[in-house]
Amino acid sequence: MPSTLTKFNAFVENLAEGVHNLQSHTIKAMLTNTAPTAANALKSDITEISAGNGYTAGGATITVTSSAQTSGTYKLVLADATITAAGGSIGPFRYAVLYNDTPTSPLKPLIGYLDYGSSITLLDGEPLTLDFDPSAGALTLA
């Protein structure tokens with residue numbers, strides 16, 4: 001079970017240039033079996049798994065629980081999301097990639113990804129919970 005979100009390099013620049021409003025923009029998590037690289041910048045740079053059997057193209061919408069700073073440290077807390085295979089299997093996949101679905105320029109910029117360590121296939125009826133730590137947050141900036 002991954003516990004750390006690995007950020008994409010472009011995410012830092014996009015924050016500085018006002019591309020992301022993590023409190024109000026729509027954040028999604030898509031599944032892929034192709035290793036992301038730090039240089040990936042847009043959703044189109046990632047090969048998403050095929051939609052079907054309970055997995056929707058573009059991935060699951062992630063709910064922002066909290067987006068705030070305290071004493072100069074910003075923390076983004078995300079609610080867990082569950083993807084359940086229905087009518088067949090989902091996968092294989094190894095990575096859950098977070099991206100911002102709201103901006104049009106750049107289109108669908110990447111945020112970061114979770115690495116499950118090896119490829120996973122969900123069998124019919126089997127769930128996967130994208131588990132974001134509510135204490136540490138999915139992302140902190142200091």
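The set of residues in the stretch 122-138 being open to solvent by 20 Å² or more (accessible area, probe 1.4 Å) and either modelled with pLDDT of 95 or more or part of a strand (DSSP E or B) (or both) consists of Leu123, Asp124, Gly125, Glu126, Pro127, Thr129.
In summary, Ser71 fulfils each of the numbered conditions (1) polar (S, T, N, Q); (2) more than 16 Å from the chain's Cα centre (by Cα); (3) at pLDDT below 95 with the single exception of condition (3). Can you tell me which residue is surrounded by the fewest Cβ atoms within 10 Å (Cβ to Cβ) among those in the stretch 77-105 that are under 16 Å from the mean Cα position of the chain (by Cα) and aliphatic (A, V, I, L, M)? Top of the filtered list is Ala79. Count of the stretch 44-68 residues, restricted to those that are over 12 Å from Met30 (Cα atoms), within 13 Å of the chain's Cα centre (by Cα) and not polar (S, T, N, Q), is 1. When each of Thr61, Thr65, Thr47, Thr104 is tested for being in contact (Cβ under 8 Å) with a residue 60 or more places away in the chain and either of a type in the set (Ser, Thr, Tyr) or over 22 Å from Ile120 (Cα atoms) (or both), the lone residue that passes is Thr65. The single condition among (1) in a loop (DSSP other than H, G, I, E, B); (2) touching a strand residue (DSSP E or B) at 6+ places or on another chain (Cβ under 6 Å); (3) farther than 12 Å from Ile111 by Cβ; (4) open to solvent by 40 Å² or more (accessible area, probe 1.4 Å) that Ala35 does not satisfy is (2).
Within the stretch 38-61, work out how many residues are under 26 Å from Ser135 (Cα atoms), part of a loop (DSSP other than H, G, I, E, B) and in contact with a strand residue (DSSP E or B) (Cβ under 6 Å, 6 or more places away or on another chain).
Count: 1.
Test each condition in (1) surrounded by fewer than 20 Cβ atoms within 10 Å (Cβ to Cβ); (2) in contact with a helix residue (DSSP H, G or I) (Cβ under 8 Å, 6 or more places away or on another chain) for His25 and report the one that comes out false. Of (1) surrounded by fewer than 20 Cβ atoms within 10 Å (Cβ to Cβ); (2) in contact with a helix residue (DSSP H, G or I) (Cβ under 8 Å, 6 or more places away or on another chain), only one is false for His25: (2).
Go through the stretch 16-32 and report how many residues are assigned to a loop (DSSP other than H, G, I, E, B) and small (Gly, Ala, Ser). Residues flagged as assigned to a loop (DSSP other than H, G, I, E, B) and small (Gly, Ala, Ser) within the stretch 16-32 amount to 2.
The values are calculated or read from the model by the stated rules, or taken from the named source; none is laboratory data. Predicted model, so just to flag it, every value in this text is computed and none were measured. Every residue, glycine among them, receives a Cβ derived from its backbone with ideal geometry; neighbour counts consider all protein chains shown. Accessible surface areas use protein heavy atoms only, side chains included; no ligands, DNA or RNA. Shrake-Rupley method; radii C 1.70, N 1.55, O 1.52, S 1.80 Å.
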